[in-house]
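Written below as structure tokens is the structure these notes are about.
The values are calculated or read from the model by the stated rules, or taken from the named source; none is laboratory data. Bear in mind that the values here come from a model prediction, so they are computed numbers and not experimental data. Cβ sites come from the backbone with ideal geometry, for glycine too, and all protein chains shown count toward neighbours.
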Amino acid sequence: TTKRLRRLLGGSVDHDLVTESIDRLNRQYAEENRPYEIRLELGGYRMALRPEFEKVRHRVYGLGPKEVRLSHDALEVLALVAYFQPITRRELERKGRPNAGGVLRQLLRRELICIKRDPDQPKEVKYCTTPRFLSLFGLGDIDELPQPEDFEFK
């Protein structure tokens, strides 16, 4: 986000300068016929393939990974893991997700979450998201998850 970029640059850069710089970079990328651009999406900026290069990507790499379809329960558990990671099954149950074992196994099988163990408590299983989760949701880092203040409620 612009706010995060400003913080990374020491707060000395204003919003308009960030926007102008990104626009200038995108013009340069287009002039040089580069296949990517910087886009502002929910949660912040990211590099993305320009639409006119999608056909080339499909020819070279195919249509990409199969679409992942998750049940409402699976999405709820995945959201809890994403926002509260590392999280134990017991903590999930305390947050209103009793009997989450089957859903956790499904998310593990789909490589959306993984198991982390604390060396001090090796028997305690904690769940975290994976790089595949970040990729499927278009995130570069878990810190890019939308925060409540990012939403507009009607």
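Pairs meeting the criteria (first residue in region 52-73 and over 19 Å from ARG132 (Cβ atoms), second residue at pLDDT 65 or above and surrounded by 11 or more Cβ atoms within 10 Å (Cβ to Cβ), beta carbons under 6 Å, at least 6 apart or on different chains) are PHE53/PRO35; ASP73/VAL103. Taking the conditions exactly as written (over 17 Å from the mean Cα position of the chain (by Cα) and more than 22 Å from ASP141 (Cα to Cα)), does ARG34 satisfy them or not? In short, yes.
Specify the residue that is nearest to the chain's Cα centre (by Cα); the eligible residues are those in region 96-154 that are among the charged types (D, E, K, R), surrounded by 10 or more Cβ atoms within 10 Å (Cβ to Cβ) and closer than 19 Å to LEU75 by Cα. Give the steps one after another, and end with the answer.
Of region 96-154, the ones among the charged types (D, E, K, R) are 97, 105, 109-111, 116-118, 120, 123-124, 126, 132, 141, 143-144, 149-150, 152, 154.
Those still in the list that are surrounded by 10 or more Cβ atoms within 10 Å (Cβ to Cβ) too: 97, 105, 110-111, 116-118, 124, 126, 132, 143-144, 150.
Okay, now just the ones that are also closer than 19 Å to LEU75 by Cα, so 97, 105, 110-111, 126, 132, 143-144.
Details: ARG97: 22, ARG105: 21, ARG110: 16, GLU111: 14, LYS126: 20, ARG132: 9, ASP143: 8, GLU144: 6 Å.
Checked region 96-154; the qualifying residue nearest to the chain's Cα centre (by Cα) is GLU144.
If you check THR129, THR88 for being modelled with pLDDT of 90 or more, polar (S, T, N, Q), at negative phi and touching a helix residue (DSSP H, G or I) at 6+ places or on another chain (Cβ under 6 Å), only one passes: THR129.
Among the residues of region 110-148, those that are over 21 Å from LEU70 (Cβ atoms) and part of a helix (DSSP H, G or I) comprise ASP143, PRO148. Scanning region 80-128 for residues that are in contact with a strand residue (DSSP E or B) (Cβ under 6 Å, 6 or more places away or on another chain), touching a residue at least 24 places away in the same chain (Cβ under 8 Å) and of a type in the set (Val, Ile, Thr) yields VAL81, ILE87, THR88, ILE113, VAL125. Scanning region 3-43 for residues that are touching a residue at least 24 places away in the same chain (Cβ under 8 Å) and assigned to a helix (DSSP H, G or I), we see that the one that is surrounded by the fewest Cβ atoms within 10 Å (Cβ to Cβ) is ARG4.
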